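Quick one: the structure is below, and I'll ask about it shortly.
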Amino acid sequence: MDQGLNFIGKSFKRKDGPDKVTGRAAYTQDIRLPNMLVGRVLRSPHPHARIVRIDTAKAKALAGVKAVITAADTKGIKHGFVETPRYPADQSVLAQGKVRHVGEAIAAVAAIDEITAQRALEAIEIEYEILPAVFEPEAAMQPGAPEIHPSHPKVAMKENWANIGGKTETGWGDVEKGFAESDYVREDRFDCQLRTHGYLEPHVTLAHWEAEKLNVWTSSMGAFVKRAKLAKTLDLPFAAVRIHKSYVGGTFGGKIDLYPHEYAAARLAMITGRPVKIVITREEIFQAFRHAQPLIIEVKTGVKKDGTILAQEMKVINNSGAYRGSGVVVIFLAWGFTMTAYRIPNLKFQGYSVYTNLTERAPQRGHGNPKVRFAIESQMDMIAEALGLDPIQIRLKNARDAWEQLPNGDNTHQAGLKDCIKIAAERSGLLAKYGQSRKNPPADTIRRGVGIGISSYMGGTLIYPNGSGVIVKMNDDGSATVLTGAIDIGQGSETVIAQIVAEELGIGMEDVRLISSDTDTTPQDIGAWISGMTYVTGNAARVAAGNAREKLLALGADRLGLEVSELGFGNKSVFAKANPDLKITYRELIAASIATKRGDTVIGEGFWRTMRDEPAHPSLATAKGRWTENYAYSAQVAEVEVDLETGKARLVKALTVHDCGFPINPALVKGQVDGQVSMALGHAFMEEILIKDGYVLNPTWLDYRMPTVHELALSEDVDVITEKYQVGKAYRTKEVGEGLVSGILAAIGNAIYDATGVRLHSTPFSADKILAGLRKIERQKRQAAE
């Protein structure tokens, strides 16, 4: 995708690369301030208990202890991942009245060193009244289950379920009629394990209160979200809270919301007047922090003989943990991920977010999409086999086309899904390989299988702060300084923004410097979530750079005596298109602007908001309203090997064919693809948080297995180009950071079936489950032979 472009579509080195590989990058853990105190958090040892009494007198009396706080020392202002009239904030910064999960934060201390801080925690006296606990969502829903929170009143008035934090209910058409007209109907149930995010940098927060200003450094996914949450819970004006930039060592969805330790560091700093740093241990993260969303999915689908979907009914149950968290979001998203890839004329959807006595949940890369696609894509293969169709036929029959209007009012625009499916089938040789291990089993115990999964994912939606701004300041020498609130969490945002600015201004990558992610010095930004940075912030950067460019062109036209339409730009100069030797440098133009435009140094501003004509995000309860204007599509093929003796399966090769619009930086796109394949591999085979009675049994990296270089598979990818970049015009590139973790998980499950005949309905795809499936097949064969 060259089209005369100098920077877009090319693999430039990361802007932050040198700092990271040389150790110069300053993470929050690396930041030291004079007179800094150590903060620690006291956590509940019980999954459910009433707090009868807290006595902090002994802790406060210890030498070296500078402050101790409990809920009594807060403003009592609650917060939540979702804060709307229907779903008001439900979580206190420190436990008030009772604790609802093991590890819930109750108190915090600031002391002169780690040992003193630990002694202070041990000196806090708490009397508990133990309450009955419930950990599984279907048990928690039953009438008479231990009440964690009252069921949402909108649900309680219609249904006799307990502990319901929220519900999404939507649909269209006549589902019962669709099933009645179907030639084949099947129902299946799927579920997935609890996983953690796996970021290598632990949570760390440093806070300092100085001159009526709260300065905060914290590992996060968006400075402006953190500022909003801290300002609210501390009852401070936004202007009194500054979130500084620090490098971030991975997030994957786990560092969006406000955490108790962030509040505690800030409040302790305000009380003591000294900087307070709180470093969270890995064990605390496993036991007490937000993890991913484990879903139970029941799906019923009716089709014609040719595989055309006529009706689908889906019920999703989410274990949201002790507080609402993002539970009501993931059940809404499960609906969205259901409707975007396949054409479903009749749909009924119900999603329940259920409170349990486990830690509350947060988004994890894909935010429910891997589980949804695992369920739907597994069932699509089962339907295809029952009807005598191949896996490609049935998907092409139902895949969304370009420019389809979706039931909620969104449009697929230049959707390349069918091209993705066709290319994936051709490149992988799927149809030639499919079923071979079952039809002609080799002599040894190793079976090889192939499977496909497809996916769709949105790129940007209306969640606070809803839009991004960028400022481009031209320097005297023609270079540019870019002010952006975007935070680089490893995805390469600073590099992509620099490429866009360089392209729009006709300057080099080395001429672009970024100041980023500081709430006092940069414009507001949506943050590194909802997969919208490249589209939303990138377009804001394009507008800002274009605004500066138009000012330079106007100055050039005046100085050269030509019309703006007669001018070109590049190499830090404005020149006549008819005579490129007739030119004037940016340095000269900026000097002229300062001299003749009352000191105007040439500054460009740009702002971008997805779905600019939509007043708000869609309803989480009814799914009514626009969701996004930007969908990415993909088809992924997995090849696996399974040892029939041990049941052990491994991913051998992954092929990702994705409609990314166009790649601004192909190397960064490749990195995103490979990272998601690796993450899906962990989901499929290795990762699982093990819990007994609310306590995590494997709270370290030694016990919680994640993929290493020894487990990685060959990962190949193909870009399907459906959009283009033109200087001076809005672009519609598509996300590549989350959606590609989904189809490959389903493809692995389908490939295991192709290799062994064992259909798995839950993750992880463990050796025990595969061996149990093989034994079941053998029993069925023996019974059929009798």
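The values are calculated or read from the model by the stated rules, or taken from the named source; none is laboratory data. For clarity, every value in this text was computed on a predicted model and none was experimentally measured. For neighbour counting, all protein chains shown are included, and Cβ atoms are generated from backbone atoms with ideal geometry for every residue, glycine included. Quick note on the areas: whole protein, heavy atoms, side chains included, nothing else; ligands and nucleic acids left out. Shrake-Rupley method; radii C 1.70, N 1.55, O 1.52, S 1.80 Å.
Can you give the relative contact order of the chain as a percent, counting alpha carbon pairs under 8 Å and 6+ residues apart?
15
Continuing with this model, one more query. If each of residue 775 and residue 240 carries a label point 7 Å out from its Cα toward its Cβ, how far apart are those two points in nm?
6.4
Rounded, prolate or oblate: which one fits the chain, using the alpha carbon gyration tensor with axes a ≥ b ≥ c (rounded when a/c is under 1.5, else prolate when a/b beats b/c, else oblate)?
In terms of gyration-tensor shape, oblate.
Out of residues 5 or more away from residue 358 or on other chains, whose amide H comes under 5 Å of its own, with H placed 1.01 Å from N in the peptide plane?
321, 322
Sticking with this structure for a sec: Which of the lysines could a cross-linker bridge to residue 98, judged by Cα under 18 Å and excluding same-chain residues fewer than eight apart?
Correct list for residue 98: 75, 78.
I've got another one for you. Starting from the residue with the highest accessible area, list 331, 31, 691 in decreasing order, probe 1.4 Å.
Descending accessible area places them as 691, 31, 331.
I've got another one for you. What does DSSP give for the chain in terms of the percent of beta bridges that are antiparallel, rounded to the nearest 5?
75
Measure off 7 Å from each Cα along the Cα-to-Cβ vector at residue 759 and residue 60, then give the distance between these two points in nanometres to one decimal.
Roughly 6.4 nm, to one decimal.
Something else: At a 1.4 Å probe radius, which order do 529, 701 fall into by accessible area, largest first?
Of 529, 701, the descending order of accessible area is 701, 529.
Something else: Quick one: which of 371/624; 15/572; 577/734; 13/724 span more than 26 angstrom between C-alpha atoms?
577/734
Mind grabbing the accessible area of residue 151 for me, 1.4 Å probe, Å², rounded to tens?
20
Would you list 161, 608, 335 from the most to the least accessible area, probe 1.4 Å?
Ranked from most to least accessible, the order is 161, 608, 335.
Calculate the translational D of segment 18-95 in whole µm² s⁻¹ from Stokes-Einstein, where the hydrodynamic radius comes from the Kirkwood formula applied to all Cα pairs, the temperature is 4 °C and the viscosity 1.567 mPa s.
Stokes-Einstein gives a translational diffusion coefficient of 77 µm²/s.
Would you list, by chain and number, the aspartates and glutamates whose Cα falls below 13 Å from the Cα of residue 229, excluding same-chain residues fewer than 8 positions away?
Cα-Cα hits under 13 Å: 83, 257, 262.
If you find the alpha carbon centre of segment 511-551 and of segment 618-672, how far apart are they in angstrom?
Taking the Cα centre of each part, segment 511-551 and segment 618-672 sit 27 Å apart.
Ordered by residue, what ³J(HN,Hα) values in Hz, to whole numbers, does segment 414-425 give under the Karplus form 6.51 cos²θ - 1.76 cosθ + 1.60, where θ = phi - 60° and Gly and Pro are x?
Rounded to whole hertz, the list is 7, 5, x, 4, 5, 4, 4, 5, 5, 5, 4, 5.
Sticking with this structure for a sec: Apply the a/c threshold of 1.5 to the C-alpha gyration tensor of segment 8-153 and tell me whether it is rounded, prolate or oblate.
Because a/c hits 1.5 or more and a/b fails to exceed b/c, segment 8-153 counts as oblate.
What is the distance in Å between the Cα centroid of segment 249-268 and that of segment 688-714?
22
Can you give the relative contact order of segment 327-429 as a percent, counting alpha carbon pairs under 8 Å and 6+ residues apart?
26
Okay, next question. Using θ = phi - 60° and the Karplus form 6.51 cos²θ - 1.76 cosθ + 1.60, what ³J(HN,Hα) does each residue of segment 62-70 get, whole Hz, x for Gly and Pro?
My calculation for segment 62-70 gives 5, 4, x, 8, 9, 6, 9, 10, 10 Hz in order.
Which of the listed residues, 462, 134, 699, is farthest toward the dipole's positive end in the chain, when Lys, Arg count +1 and Asp, Glu count -1 at the beta-carbon?
The residue sitting most towards the positive pole is 134.
Sort segment 549-703 into rounded, prolate or oblate with this rule: let a ≥ b ≥ c be the square roots of the eigenvalues of the Cα gyration tensor; rounded if a/c is under 1.5, and if a/c is not under 1.5, prolate when a/b is larger than b/c, oblate otherwise.
In terms of gyration-tensor shape, prolate.
Another question, if that's okay. Per DSSP H run of at least 4 residues, take -39500 (n - 2.57); add these up for the chain, divide by its residues and hand me the 222 nm value, nearest 500 deg cm²/dmol.
Helix contribution divided over all residues of the chain: -8500 deg cm²/dmol.
Just to verify a number: what accessible area does residue 778 come out at with the full protein assembly present, 1.4 Å probe, Å² rounded to tens?
Its accessible surface works out to 90 Å², give or take rounding.
Okay, moving on. Across segment 514-521, in residue order, what do the Karplus-derived ³J(HN,Hα) couplings come to in whole Hz, using 6.51 cos²θ - 1.76 cosθ + 1.60 with θ = phi - 60° and x for Gly and Pro?
Here the 3J(HN,Hα) series is 10, 10, 10, 6, 9, 5, 8, 10 Hz.
What does DSSP give for segment 373-514 in terms of the percent of beta bridges that are antiparallel, rounded to the nearest 5?
65
Quick one: how many Å² of residue 316 are accessible to a 1.4 Å probe, rounded to 10?
For residue 316, the solvent-accessible surface is approximately 0 Å².
So, in Å, what gap is there between the alpha-carbon centers of segment 472-505 and segment 68-124?
39
A follow-up question, please. Please list the non-local residues whose amide H lies under 5 Å from the amide H of residue 295, H modeled 1.01 Å from N, same-chain partners needing a gap of 5 or more.
192
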